[in-house]
Each structure stands twice: as C-alpha cells, then as structure tokens.
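K.L.:
Before I ask anything, let me first share the structure, which is written out below as structure tokens.
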C-alpha cells in the first residue's frame with residue numbers, strides 16, 4: 001500500500017493529469033492511479049492492506065488494492081487483474097479502477113472501453129449483498145469474455161467483502177464452532193442422499209429462461225464428496241480414494257452432475273483453464289475451479305442415480321474453505337436467445353448434514 | 001443425385017433465391033429451407049434428422065480428404081461415419097508402406113521427412129471436382145505435393161524457392177485446374193540472404209502448372225499471404241494478409257487496424273509474363289507487385305488480422321473471416337473488375353461486415369445461401385445468411401445490431417479451427433454434413449496422457465439448426481479437409497496398378513551382377529517370392545526390385561530384410577525398389593510383412609552374404 005502513497009505524491013507534485021495515462025504493450029496494460037480515483041477524500045491514512053479515506057477530518061471510506069486481498073483469482077491470461085476499489089462507510093462501492101491486466105480478449109478482441117463499462121456497474125453496490133453475474137451485474141458489455149468477467153467479479157466481490165469483515169462493515173457469523181467430519185462408510189441410495197441434504201439440486205427449465213425448447217436447461221446435482229459416507233456412495237470406493245482429503249493435501253472436494261440441454265462446464269476452461277459457470281462462496285470468499293482441480297465424472301454409483309449427461313469432481317484447493325460450515329453454490333447459466341448471449345445466476349445453499357459430523 | 005441438384009438450383013433461381021436475390025433482400029432462411037426440403041427428400045434424407053450411422057458392410061456417402069498437419073501426411077476418411085480409411089504418406093516417412101525407404105519415394109523426398117500439410121484441394125473441371133488429383137502444401141519445407149486419385153498415392157513433390165511458410169493453397173476451378181496457387185505466410189528476402197532489415201522481406205504468391213508440376217511464376221508482395229482461394233470463373237486468386245505491416249514481432253503484426261484481402265488478376269499476370277515484366281530469381285519468373293504499383297493486385301482493406309478466405313458456391317462472394325475482428329468481410333466478386341479498372345475504390349467491393357463472434361477463422365457453405373463460420377475463442381460454429389447480412393448493411397447500424405443474419409449458433413468441443421461442409425468448395429455444395437475441426441479435445445475422450453488427440457465433430461447441416469451428432473478422435477493435427485461425394489471419386493479409384501507404367505516391373509525373377517552392383521528382381525506371388533535364395537558378397541551394392549504379381553484386389557505383399565532396416569509394401573501389380581549395401585556377412589531372411597495367405601509365414605527367402 002506504500003506504493004500508492006508514493007505514487008500519489010509524485011503524481012500530485014508533478015503532473016496531475018498523468019493519472020489517466022498508462023503504459024501499454026501488446027500483452028499488458030498498466031495504468032497509473034491515485035486513491036482519489038475511487039474514493040472522494042482529501043486525506044488517506046495507511047492501515048494494514050488498506051487505506052482509510054478522510055474528508056474534512058471525517059472517515060468517509062476505504063481504498064484497497066485487490067492483489068492484497070484476492071490475488072489467487074487469475075484471469076484467462078493466468079495473471080491477476082489488479083483492481084483498485086473504493087468503499088464508503090455504509091459499505092457501498094464508490095469506485096473501481098483496473099490497474100493492470102493482460103486479458104487477451106480485451107487486448108485484441110473487444111474494446112477496453114467495454115471492460116470499463118462492465119466494472120462501472122459495481123459503483124453504488126452494497127458489498128454486503130450479492131454482486132452476482134447474471135443478477136446484479138450483467139455481462140452485456142463483454143459477453144464473449146466470460147472468463148475475464150467471472151474472475152473480475154470474484155476479485156471485486158471477494159476483496160470488498162473481506163475488507164468489509166475486517167473493518168466491521170459486515171459482522172462475521174462466528175456462532176458456528178469448528179467441527180470435524182466422521183470418517184465412516186454409510187450405505188445410502190441416491191434418494192436418501194438427496195432427502196437428507198447431502199446432495200442438493202438446481203433445476204432450471206428452458207421455459208424459465210425464455211427459450212422455446214422443451215425440458216430442462218439444467219437439472220444439476222452437487223454435494224460434498226469429502227465425508228466418506230457421501231463420497232463412497234457417489235464415486236465408489238476407488239473413486240473416493242482419489243477424491244479424499246488424504247490424496248489431496250487435506251483439501252475438500254465436491255461433485256457436480258447435470259442433465260439438460262445446457263452445460264455447467266461450458267468451454268471457458270478449455271483454453272483459459274477456468275470454469276466460468278460455477279463457484280462456491282463461504283464467508284465472503286469465492287472459490288473457483290481450474291482444470292487442475294477437475295476430473296471428469298461420467299456416472300454416479302449410488303443406487304437409483306440414473307444417467308448423467310455431464311459431470312465432474314472438483315477439488316476445492318484452498319485452506320479458507322471449511323467443509324463443516326455452510327456455503328453457497330452458484331451456477332451462472334449461459335444461454336443464447338437467438339444470437340444474443342445471456343447469463344443468469346442460480347444459487348443453492350449447502351450445509352453438511354449432522355449425520356456426517358462428529 | 002446430380003440431376004436433383006440441378007433441378008433445385010434452377011428452382012431456386014426462379015424464386016430468385018440462389019444468391020441473386022441480394023438486391024431484393026428479404027429472403028428468410030426459412031423460405032430457403034422450405035424450398036430446399038423437396039431436394040433433401042429426393043436425396044433420401046430427412047431435413048435436420050440425417051442418420052450418420054453406417055452399418056457393417058455399408059459404405060459412406062462422401063470421401064473426406066484431410067490434411068495431416070505436422071504429421072506430414074494426408075488422410076482419407078469416410079463421411080458420415082468419420083472412419084479413417086487410409087493415410088497417404090506425403091512429406092513424412094511411413095515405415096509401414098515403405099514411404100521414405102524405397103528408391104521411388106526417396107527420389108521425391110530427397111532426405112526430408114518433416115512436413116506440415118495444411119490444405120488439401122482437389123482438381124476441378126467446370127467448378128466441381130473431377131477426381132483426378134489432390135494437391136497439398138508443406139508449410140515446413142516449402143513444397144507442394146500432388147496425389148493421384150486413381151491410386152491415392154503421392155505422385156510428385158515440387159520444391160518452391162523464394163518463399164517461406166507455404167500456407168494457403170488452392171486449385172483453379174474453371175474451366176479446369178491448370179494452375180494451383182500457394183501463399184508464403186512468412187515474408188523473407190527474395191532471393192533469400194541474411195538480411196536483418198524487415199523492409200527487405202516479401203510475401204510471395206506462387207502459381208504452379210498443375211499437370212507439369214512446375215512453377216509458372218511468382219508475384220512478390222509487401223504483405224504476407226496467409227490463406228488462399230480462387231474464384232469460380234478462372235479470373236482471380238485471393239490471399240488474406242494479416243501482416244501488411246511487414247512486422248517481425250506480434251506487436252508489429254497487430255499494429256494496423258486494417259489489413260488486406262489481396263486479389264490477383266490472372267489476365268494481367270499472363271500479360272506481364274508475355275510482356276516479360278519480371279525478373280528471374282532462383283530460376284523463377286518473379287513479378288514485382290510491391291507498393292501497389294503493378295496493377296496486377298487489388299488490395300481490399302479488411303479488419304485487422306483476417307484469417308480464412310472462402311468463396312461462396314454461387315461464385316458471388318469472397319468472405320474473409322476476421323480472427324482478431326469479430327466480423328466477416330463480404331467482398332462481391334462482380335465488383336472486382338471495376339475496382340481493377342479504377343472505376344470504384346477497392347473498399348467499395350465490400351458489401352457487408354456482419355458480426356459473427358469472437359475469433360472467426362474459416363467459413364463454409366450449405367449451398368442454400370447460408371455461410372457457416374468457425375469461431376475459435378467462443379468455441380462455436382455460427383450459421384448465418386449471406387443475403388441477410390448484405391441487406392442489414394444497407395439498412396444501417398440499428399438493423400445490424402439485431403444480427404438478423406444469424407440463423408443458429410452451435411457450441412463445439414472445443415476451440416474450432418477449420419470448418420468444412422460437404423462439397424462446399426464447389427458449385428455442387430449440398431449442405432448435408434459439416435465437420436468442425438476442433439483444436440482441443442480436453443476431456444472428450446479417455447485420457448491418453450498429456451498429449452491428447454484432437455476432437456473433430458460431425459454436424460448435421462440439413463436442417464435449420466446445426467445438430468451435433470458425433471465426436472471423432474484424430475491424431476495430431478489435421479488443419480483442413482474437403483468432402484467429395486463418392487460418385488465423383490469412386491469410379492476413378494483403382495484396385496490394382498497398371499503394372500507396366502513402371503519400367504522396372506518384374507515378371508521373371510533373377511539376379512544380375514555388374515561388378516559390385518547387384519540387381520535382384522523378385523516377383524511376389526502368394527505365398528512365394530520368385531527366388532528362394534540370393535548369394536551376395538560383402539560390400540555389394542544391392543538393388544532389390546519387387547513386383548506384386550498377384551491380381552486379386554487387396555492382396556498386398558510386404559518385403560522386409562532382417563537386420564537391414566528395410567520394409568515396404570507392394571499393392572497388386574505395384575513395383576517398388578530399394579538399394580542397400582551388403583555390409584553384414586551372414587544369413588538374412590527376407591520375409592513378407594503384409595498378411596497374404598495361409599502360408600504367409602512361409603513366404604520367405606534367404607540372402608546369404610559371404
């Protein structure tokens with residue numbers, strides 16, 4: 001954060017207008033900045049990983065650099081899109097500015113103005129509420145760049161939510177005590193897994209999306225695989241060994257399967273390596289999946305599960321994820337109405353049933 | 001079938017649909033489909049519901065000719081089954097058939113076994129394939145090869161000087177294929193020398209005599225020349241250029257907002273040759289068309305870094321796919337002469353710039369007024385109506401924004417490169433099947449390790465919607481293909497060679513010694529070679545000539561010589577030879593490697609080297 005201050009001083013002393021210029025190469029765009037770009041304040045005080053902004057001596061908000069808060073989120077280019085974010089004391093976003101990116105679509109396919117139009121949607125939004133693509137945030141400006149948009153969304157929402165927890169803008173729910181998972185085999189049918197909530201479902205018909213096709217767009221099932229009592233039923237004893245925390249540095253895993261005319265995998269992960277249609281969120285932290293976390297799943301072992309059109313096992317490669325706490329599963333349905341690409345988000349809450357916890 | 005086609009074409013013409021309806025506009029894709037449905041029914045298929053299943057013992061409807069990319073070969077597939085029926089070694093070594101082992105193939109390959117085949121195109125008569133030859137480029141070692149369709153084997157290989165990165169290749173479509181053109185994607189000094197200054201680098205359009213397999217001439221340009229096409233009247237050839245900047249780094253090549261479609265005027269090229277307006281460089285007549293000064297080449301501005309150029313089957317439009325630009329550029333060929341004569345500006349030949357998607361690469365056609373463009377970044381095939389795109393352009397920006405030209409968008413798995421429809425590069429485009437040649441298979445097949453196959457997908461093109469029907473795993477790495485109806489190819493393809501076309505053909509076995517040079521002539525008749533034993537001396541230079549004297553179709557023999565690293569296959573009535581030094585004394589068994597008979601294992605003979 002020191003860098004901001006120094007830059008700010010230099011810019012302020014030299015040529016203030018330089019702040020709108022930037023350095024370009026064919027593969028990287030970097031822009032200079034000052035904290036005022038995203039928060040209207042006359043004085044900034046440095047704190048750990050953020051700045052407090054004051055106006056006439058009164059605290060009016062905060063400024064953060066995304067790489068201090070959510071640097072694990074990387075775009076199509078494999079690089080983090082460095083973003084400057086301002087948030088006022090009521091938890092509303094006051095400004096967003098891209099400081100660095102190397103996203104190929106923005107460099108050679110789409111106009112960068114569209115990128116700015118996309119991020120300007122965040123201004124005025126409450127960070128405590130959802131900032132979801134396909135709900136609060138639309139992808140109209142950059143419909144082709146779904147990987148970029150989804151990662152940018154994760155960067156802004158996770159950075160600002162984390163700041164909100166630290167500064168007390170959002171109260172953390174500390175009620176839930178840390179628990180541990182039972183390592184025990186329990187034979188359960190598909191219907192039993194669903195009825196106890198070990199497997200959750202999101203169903204969207206084509207009609208709901210305004211499409212003429214009959215049937216479901218997605219009929220998606222997901223659940224944690226980490227408890228042996230679920231995992232062995234879904235992927236079998238051998239599959240469970242591969243997906244178990246013991247085999248994956250202690251990380252948890254989920255499975256996702258789907259039927260219907262749409263796809264939850266899409267094709268963004270093929271070249272970009274990132275699954276742009278699915279994510280998890282827990283305590284403000286967004287968990288996305290890359291092709292390194294993924295193994296194809298083509299059938300479910302549990303009795304009565306039926307056939308699936310597509311499926312995958314995903315390792316949640318983060319120590320921030322606690323499988324014993326509730327989390328949200330998010331699906332960004334991507335579809336076309338005629339030639340127009342559209343997005344809509346769907347959520348499902350998940351909490352591991354007591355049966356699998358000590 | 002061809003009669004039905006003609007009927008339909010005339011029928012469409014009467015309705016004013018067959019592409020002539022540009023000015024009239026308002027041709028709904030639905031109308032086109034309705035009028036087409038009759039034709040499809042006659043062809044024995046149902047609209048949008050064709051079966052791609054080819055049952056045991058049944059034959060495919062189309063021959064597919066596939067380039068093999070950096071494998072250096074050409075492949076033959078059956079469509080719609082997508083079964084690979086043959087691989088034809090071209091620029092590569094193939095130890096199964098002996099390509100690169102035999103004297104005949106060595107004479108063509110000249111010791112180079114790496115090749116990079118991108119574009120296979122057939123010879124034409126009157127705007128459709130005549131089933132005589134296939135031509136294919138070698139981007140790596142700058143060669144062009146010809147394949148005889150009667151044997152489906154490589155027949156000639158031509159080295160092309162003054163050029164690097166031979167990429168686009170296309171054959172003359174009318175009145176018949178006398179010329180083949182190919183493009184130099186990498187600009188180099190002409191003649192090549194160690195010049196560091198890129199101002200001295202040029203792109204070269206090469207014209208080859210298809211029968212003689214000799215270079216007619218080359219046209220030298222400032223820009224690079226990427227993909228190629230010819231028109232349907234024998235007047236022009238085309239090249240897209242993505243590096244008009246003469247850049248040598250990616251940033252330099254991406255600098256300009258507009259690059260070009262180059263149009264080469266064949267009458268003017270012939271006149272320049274007659275008037276001797278050329279320099280002879282490396283033995284080749286090179287016409288200087290740099291700095292736009294020759295009048296031979298028209299430079300039509302197209303959006304930044306275009307890729308493919310494809311001509312619609314009615315011969316009316318050359319369509320450039322945008323690559324970096326999310327659009328296609330539609331050039332009306334009827335306007336080119338006016339532009340060449342200075343009556344209109346080159347940019348006035350552009351009649352539409354429809355939005356397609358992110359990363360359009362190549363365009364193919366269904367013969368019903370629709371184009372289908374491959375879109376790399378979006379990973380889609382986009383079907384769009386050409387007449388509607390032109391109409392929307394006239395109505396202005398607001399009309400264009402609604403994308404009225406787009407008929408359907410199909411997600412493909414994953415990241416498509418080339419795209420090709422059956423007969424799409426001929427006047428007989430029939431809109432039955434589409435192949436999406438995808439560059440990534442990722443998770444579509446059982447995992448075979450870090451290096452994976454490509455995934456080529458078969459799409460039913462007969463309905464309004466594109467319908468994905470089949471995933472096909474393909475070894476690295478085809479670029480492009482053509483699909484030709486079997487009625488054109490099948491009558492031309494033979495079951496046995498004309499034995500005496502080869503002057504070395506053996507009908508009587510024997511050994512002829514001239515000093516240290518020994519010629520061993522062998523007949524191969526299942527299950528025996530014509531000799532049981534050959535006596536040689538250490539140091540002999542031995543040539544073995546083998547003719548397969550078996551007439552039965554598909555009864556091929558192999559000739560392999562133990563510990564001498566020799567193997568090749570001779571098809572019925574085929575003759576091949578190999579020369580080696582007998583440098584290892586001992587008894588060496590030669591044997592048949594291609595299963596031929598119940599006593600195949602006994603089909604062997606001794607070479608005794610003393």
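The values are calculated or read from the model by the stated rules, or taken from the named source; none is laboratory data. As the structure is a prediction and not an experimental result, all values here were calculated from the model. No Cβ is skipped: glycine too gets one built from the backbone with ideal geometry, and neighbour counts run over all protein chains shown.
K.L.:
Looking at the range B:421-429, can you tell me whether even one residue there is touching a strand residue (DSSP E or B) at 6+ places or on another chain (Cβ under 9 Å), over 14 Å from residue B:363 (Cα atoms) and within 14 Å of chain A (Cβ to nearest Cβ)?
P.N.:
Initially, the range B:421-429 is screened for residues touching a strand residue (DSSP E or B) at 6+ places or on another chain (Cβ under 9 Å), giving B:421-429.
So of that shortlist, the ones also over 14 Å from residue B:363 (Cα atoms) come out as B:427-428.
Still in the running and within 14 Å of chain A (Cβ to nearest Cβ): none.
No, the conditions are met nowhere in the range B:421-429.
K.L.:
Let me ask another. Of B:169, B:158, B:140, which residue is closer than 20 Å to residue B:482 by Cβ and either assigned to a strand (DSSP E or B) or modelled with pLDDT of 95 or more (or both)? Don't jump to the end; show me each part of the working.
P.N.:
Numbers: B:158 fails: closer than 20 Å to residue B:482 by Cβ; B:140 fails: closer than 20 Å to residue B:482 by Cβ.
Residue meeting the stated conditions: B:169.
K.L.:
Separate question: Would you check which residues across the range A:98-131 are part of a helix (DSSP H, G or I) and under 12 Å from residue A:149 (Cα atoms) and list them? Spell out how you get there, then give the answer.
P.N.:
If we filter the range A:98-131 for residues that are part of a helix (DSSP H, G or I), which is where we start, we get A:104-109, A:112-120.
Hits for the range A:98-131 are A:105, A:106, A:114, A:115, A:116, A:117, A:118, A:119.
K.L.:
Continuing with this model, one more query. Looking at the range B:290-313, which of its residues are in contact with a helix residue (DSSP H, G or I) (Cβ under 8 Å, 6 or more places away or on another chain) and away from chain A (no Cβ under 14 Å)?
P.N.:
B:294, B:295, B:296, B:298, B:299, B:300, B:301, B:311, B:312, listed by residue number.
K.L.:
Assigned to a helix (DSSP H, G or I), in contact (Cβ under 8 Å) with a residue 60 or more places away in the chain and over 22 Å from residue A:348 (Cα atoms): does that describe residue A:229? Please lay out each step first, then the result.
P.N.:
Working: assigned to a helix (DSSP H, G or I): yes; in contact (Cβ under 8 Å) with a residue 60 or more places away in the chain: yes; over 22 Å from residue A:348 (Cα atoms): no.
Considered against the rule, which asks whether it is assigned to a helix (DSSP H, G or I), in contact (Cβ under 8 Å) with a residue 60 or more places away in the chain and over 22 Å from residue A:348 (Cα atoms), residue A:229 comes out as no.
K.L.:
Name the residues in the range B:286-312 that are closer than 25 Å to residue B:268 by Cα and part of a loop (DSSP other than H, G, I, E, B), would you? Break it down stepwise before answering.
P.N.:
Filtering the range B:286-312 for residues closer than 25 Å to residue B:268 by Cα gives B:286-302, B:308-312.
Once the filter is applied, which keeps residues that are closer than 25 Å to residue B:268 by Cα and part of a loop (DSSP other than H, G, I, E, B), the range B:286-312 yields B:289, B:293, B:294, B:295, B:296, B:308, B:312.
K.L.:
Could you check, for the range B:79-100, whether at least one of its residues is in contact with a helix residue (DSSP H, G or I) (Cβ under 9 Å, 6 or more places away or on another chain), at pLDDT below 95, at positive phi and surrounded by fewer than 22 Cβ atoms within 10 Å (Cβ to Cβ)?
P.N.:
No, the range B:79-100 contains no residue that is in contact with a helix residue (DSSP H, G or I) (Cβ under 9 Å, 6 or more places away or on another chain), at pLDDT below 95, at positive phi and surrounded by fewer than 22 Cβ atoms within 10 Å (Cβ to Cβ).
K.L.:
Could you grab me the full set of residues in the range A:116-136 that are surrounded by fewer than 24 Cβ atoms within 10 Å (Cβ to Cβ) and either within 12 Å of chain B (Cβ to nearest Cβ) or touching a helix residue (DSSP H, G or I) at 6+ places or on another chain (Cβ under 6 Å) (or both)?
P.N.:
Correct list: A:117, A:122, A:131.
K.L.:
Listed residues B:399, B:387, B:352, B:334; which is at pLDDT 95 or above and either closer than 20 Å to residue B:230 by Cβ or within 14 Å of chain A (Cβ to nearest Cβ) (or both)? Full working, then the answer.
P.N.:
Details: B:399 fails: at pLDDT 95 or above; B:387 fails: either closer than 20 Å to residue B:230 by Cβ or within 14 Å of chain A (Cβ to nearest Cβ) (or both); B:352 fails: either closer than 20 Å to residue B:230 by Cβ or within 14 Å of chain A (Cβ to nearest Cβ) (or both).
Going through B:399, B:387, B:352, B:334 in turn, the sole match is B:334.
K.L.:
Here's a follow-up. List the strands (runs of 3 or more DSSP E) that sit entirely inside the range A:246-345 and contain at least 2 residues that are in contact with a helix residue (DSSP H, G or I) (Cβ under 8 Å, 6 or more places away or on another chain) and within 12 Å of chain B (Cβ to nearest Cβ).
P.N.:
Details: elements: A:252-259, A:278-282, A:285-287, A:294-296, A:310-316, A:327-337.
By residue number, A:294-296, A:327-337.
K.L.:
Please state which of the following conditions residue B:369 fails to meet, knowing it meets all the rest: (1) facing chain A (nearest Cβ under 10 Å); (2) at positive phi; (3) touching a helix residue (DSSP H, G or I) at 6+ places or on another chain (Cβ under 6 Å).
P.N.:
(1)
K.L.:
Quick one: in the range B:244-264, of everything that is buried (at least 21 other Cβ atoms within 10 Å of the Cβ) and more than 14 Å from every other protein chain (Cβ to nearest Cβ), which residue is nearest to residue B:159 (Cα to Cα)?
P.N.:
Step one: of the range B:244-264, the residues buried (at least 21 other Cβ atoms within 10 Å of the Cβ) are B:244, B:259-264.
This time we only want the ones that are more than 14 Å from every other protein chain (Cβ to nearest Cβ), so: B:244, B:260-264.
Numbers: B:244: 26, B:260: 27, B:261: 26, B:262: 24, B:263: 24, B:264: 22 Å.
My answer is B:264.
K.L.:
Would you check if residue B:514 is surrounded by 16 or more Cβ atoms within 10 Å (Cβ to Cβ), over 23 Å from residue A:273 (Cα atoms), at pLDDT 95 or above and more than 14 Å from chain A (Cβ to nearest Cβ)? Outline the logic, then answer.
P.N.:
Values: surrounded by 16 or more Cβ atoms within 10 Å (Cβ to Cβ): no; over 23 Å from residue A:273 (Cα atoms): yes; at pLDDT 95 or above: yes; more than 14 Å from chain A (Cβ to nearest Cβ): yes.
Considered against the rule, which asks whether it is surrounded by 16 or more Cβ atoms within 10 Å (Cβ to Cβ), over 23 Å from residue A:273 (Cα atoms), at pLDDT 95 or above and more than 14 Å from chain A (Cβ to nearest Cβ), residue B:514 comes out as no.
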